[in-house]
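The values are calculated or read from the model by the stated rules, or taken from the named source; none is laboratory data. Here the structure is a predicted model, which is why all the values come from computation and not from measurement. Here Cβ is always computed from backbone atoms with ideal geometry, including for glycine, and neighbour counts include all displayed protein chains. Protein only, heavy atoms only, side chains kept; ligands, DNA and RNA dropped before computing areas. Shrake-Rupley method; radii C 1.70, N 1.55, O 1.52, S 1.80 Å.
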Amino acid sequence: MKNAIIEVKKLTKKFGDFTAVNDISFSVAKGEIFGFLGPNGAGKTTSIKMLTTLLKPTSGTILLDGHNTVSAQDDVRASFGIVFQDQSLDDELTAAENMEFHGVLYKVPAALRKQRTEELLKIVELWDRRNDLVKQFSGGMKRRLEIARGLLHHPKILFLDEPTVGLDPQTRNHIWNYILDLNKKEGVTVFFTTHYMEEADRVASQVTIVDHGKIIAQGTPKELKKKAKAKTLEDAFIKLTGKKLRDEDASDLESLRNQKKMWRR
Amino acid sequence: MGPIYIMWLRQLKRYSRSRARMIGSLGQPLIFLLAFGFGFGNIYQKAGGGDYLQFLAPGVIAMAVLFTAIFSGIEIIWDRQFGFLKETLVAPVSRFSIMLGRTLGGATVALLQGTIVFLIALCFGFRPSLAAVPLALLFMFLIALLFTALGTALASQLNDMQSFPLIMNFLVMPLFFFSGAIFPLKGVNGVLTIVASCNPLAYGVDGLRASFGGESFYGMGVDMLVLSAFCAFFLGLGSWLFSKIQI
Ligand SMILES: Nc1ncnc2c1ncn2[C@@H]1O[C@H](COP(=O)(O)OP(=O)(O)OP(=O)(O)O)[C@@H](O)[C@H]1O
Ligand SMILES: [Mg+2]
């Protein structure tokens, strides 16, 4: 593809005998809003981890902004920002300190850091709580902070792994508007996953559906709906994967996982 | 303000906010000062060793530094479990700077902890030549840096805290007991001196004791040299292993 900012070729990831990502290839054009959809366990997060240098592929190559994710990790890391699916905040620090920490790591100039921190914390309605320790936050508040932090620097590519899960509709709207604005004004390429199909339908310019580590459909939301002869993207998704999306189950699982982590501490 | 500084600052903030940890890790050194210092003092003196507390205090200070340092390094396991590690691993900063920043932070915390024990020892009657305090601080910092880096190296290979007791019992405790912290290396069984000479902490304790005006076993120059070499080695090893972490 011409002016592709992400190029994935024959990407495979095995955990022991289990193949989580199975020989997938795709590319994402610059400025695209790319929805990477699939049921639980499809291999979305595993793919994102490989795209963001956290995990080494078993085989295959990934080029991000022209840099190889295995051999040119530092260049790759300079080109993206990410909001992870699960927690990645330091809960012994305050909300403001978490923002500050991120801004310094990503070399956002001090004045801009201050200005954006205020703007973003206001968007996610945490400005009044900025000096509270994160461990005192509710799950939804942590999630909102996580997103605000991810948007503090403006990268070439923004990865969002189920960014809005568990958030109220109004906050979801604010956040997506901010991201769409970023995409339009600064040409930031957005690579996201979500279980909210109407969200994907509304924002994505391209959609790829994966299941069991394989790509099963690709196209614009419109094309996919047409292909599956479905009215909504949700119906198209169900027809294509033969599965119902169960985000409630997903969030239950997530809270279980977090509880387990708590106990271990 | 750079990435190394912010990593360092984070370690210090976490330390200053966790009073329980601060006080908790003073317990062991206190017990050693009390139980050994006063318990063995008499016997030691009768055996012609002089004032045991003057001998023991540097060892116990080194112990406080050792424990805090290893623990600071091992903390990476928690960062991994709580997810924060990911945030640092994807940042556009070389993993060496990340590792260096947090190791310097952990080492600073260990140095503070050692300083507190030093002050406590003064209250108990430890009387070093105070002119040598800067040199002693340097030795404490080297010990701190070395073992934080070792903790980091270990933690980057582990996924959870289950191996922690193993590390305490088979690494940290032996390091401490076979370092000459609680008994003089001079005149002990030959095997023990050989064991000690492979133990980086032995040089740390020896150097620390010497800088406080006590008798040195290896010689202060050798202590400094060996300690620095170990330190460089573990910093290298730690950052190499840290850079290989996958999540
Ligand atoms: N570290 C690991 N070790 C073993 N198996 C793993 C590991 N990480 C992921 N898997 C497996 O790989 C598969 C894909 O997981 P992944 O997290 O990529 O799914 P996902 O598409 O993000 O799902 P979800 O929608 O629930 O977030 C799952 O079956 C999971 O159990
Ligand atoms: Mg996932």
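Quick one: which helices (runs of 4 or more DSSP H) lie wholly within region A:147-240 and hold at least 2 residues that are in contact (Cβ under 8 Å) with a residue 40 or more places away in the chain and open to solvent by 30 Å² or more (accessible area, probe 1.4 Å)?
Fully inside region A:147-240 and qualifying: A:169-186.
Selection of region A:20-36 for residues being more than 11 Å from ligand 2 (Cβ to nearest atom) and either in contact with a Phe, Trp or Tyr (Cβ under 7 Å, 6 or more places away or on another chain) or at pLDDT below 95 (or both) yields A:28, A:34, A:35. Kindly check whether there is at least one residue in region B:45-59 that is away from chain A (no Cβ under 14 Å) and acidic (Asp, Glu). Within region B:45-59 (the criterion being away from chain A (no Cβ under 14 Å) and acidic (Asp, Glu)), the answer is yes, since at least one residue qualifies. Search region A:39-53 for residues being within 16 Å of residue A:14 (Cβ to Cβ) and open to solvent by less than 50 Å² (accessible area, probe 1.4 Å), and hand back the single one that is farthest from ligand 2 (Cβ to nearest atom). Among them, the one singled out is A:50. Among the residues that make up region B:71-83, is at least one of them modelled with pLDDT of 90 or more and more than 14 Å from every other protein chain (Cβ to nearest Cβ)? Within region B:71-83 (the criterion being modelled with pLDDT of 90 or more and more than 14 Å from every other protein chain (Cβ to nearest Cβ)), the answer is yes, since at least one residue qualifies.
Quick grid of which residues meet (1) within 17 Å of the chain's Cα centre (by Cα); (2) assigned by TED's automatic domain parsing to the domain that holds residue A:195; (3) closer than 19 Å to residue A:191 by Cβ:
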position	(1), (2), (3)
A:17	no, yes, no
A:20	no, yes, yes
A:23	no, yes, no
A:32	yes, yes, yes
A:37	yes, yes, yes
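Restricting attention to region A:1-26 and to residues that are within 14 Å of chain B (Cβ to nearest Cβ) and open to solvent by 60 Å² or more (accessible area, probe 1.4 Å), the residue that is farthest from ligand 1 (Cβ to nearest atom) turns out to be A:14.
Candidates in region A:97-117 are the residues that are away from every other protein chain (no Cβ under 11 Å) and open to solvent by 70 Å² or more (accessible area, probe 1.4 Å); of these, the one that is farthest from the chain's Cα centre (by Cα) is A:111.
Of all residues in region A:134-146, those satisfying the criterion of being away from chain B (no Cβ under 12 Å) and open to solvent by 50 Å² or more (accessible area, probe 1.4 Å) are A:136, A:138, A:139. When region A:43-61 is limited to residues that are of a type in the set (Lys, Arg) and at the interface with another protein chain (Cβ under 10 Å from one of its Cβ atoms), the one that is farthest from residue A:159 (Cα to Cα) turns out to be A:56. Within the bounds of region A:63-77, is there any residue that is hydroxyl-bearing (Ser, Thr, Tyr), free of Cβ contacts under 8 Å to residues at least 60 places away in the same chain and not assigned by TED's automatic domain parsing to the domain that holds residue A:12? Checked region A:63-77: no residue is hydroxyl-bearing (Ser, Thr, Tyr), free of Cβ contacts under 8 Å to residues at least 60 places away in the same chain and not assigned by TED's automatic domain parsing to the domain that holds residue A:12. Please go through region B:86-136 and give me each residue that is away from chain A (no Cβ under 14 Å), part of a loop (DSSP other than H, G, I, E, B) and of a type in the set (S, T, N, Q), ordered by number. B:129, the sole residue that qualifies.
When residue B:140 is tested against the conditions (1) of a type in the set (A, V, I, L, M); (2) touching a residue at least 24 places away in the same chain (Cβ under 8 Å); (3) in a helix (DSSP H, G or I); (4) over 23 Å from residue B:223 (Cα atoms), the lone failure is (4).
Looking at B:164, B:242 in this structure, which one is within 14 Å of chain A (Cβ to nearest Cβ), in contact (Cβ under 8 Å) with a residue 40 or more places away in the chain, of a type outside the set (A, V, I, L, M) and open to solvent by less than 30 Å² (accessible area, probe 1.4 Å)?
Within the list B:164, B:242, the selection yields B:242.
Taking the criterion of being of a type in the set (A, V, I, L, M), touching a helix residue (DSSP H, G or I) at 6+ places or on another chain (Cβ under 8 Å) and within 18 Å of residue A:30 (Cβ to Cβ), the residues of region A:144-178 that qualify are A:158, A:160. For residue A:131, the criteria (1) more than 10 Å from chain B (Cβ to nearest Cβ); (2) assigned to a helix (DSSP H, G or I); (3) at pLDDT 95 or above hold in every case but one, which is (2). Taking the condition of being more than 8 Å from every other protein chain (Cβ to nearest Cβ), not in a strand (DSSP E or B) and not small (Gly, Ala, Ser), how many residues in region A:79-96 meet it? Residues meeting the conditions: 1. Taking region A:122-138, which residues are farther than 19 Å from residue B:85 by Cα and either in contact (Cβ under 8 Å) with a residue 12 or more places away in the chain or of a type in the set (Phe, Trp, Tyr) (or both)? Across region A:122-138, the qualifying residues are A:123, A:124, A:125, A:126, A:127, A:129, A:130, A:131, A:132, A:137. Confirm whether residue B:202 is in contact with a Gly (Cβ under 8 Å, 6 or more places away or on another chain), more than 19 Å from residue B:63 (Cα to Cα) and not aromatic (Phe, Trp, Tyr). Spelling it out, it is not the case that residue B:202 is in contact with a Gly (Cβ under 8 Å, 6 or more places away or on another chain), more than 19 Å from residue B:63 (Cα to Cα) and not aromatic (Phe, Trp, Tyr). If the condition is being surrounded by 21 or more Cβ atoms within 10 Å (Cβ to Cβ) and of a type in the set (Asp, Glu), then region B:185-223 contributes B:206, B:223.
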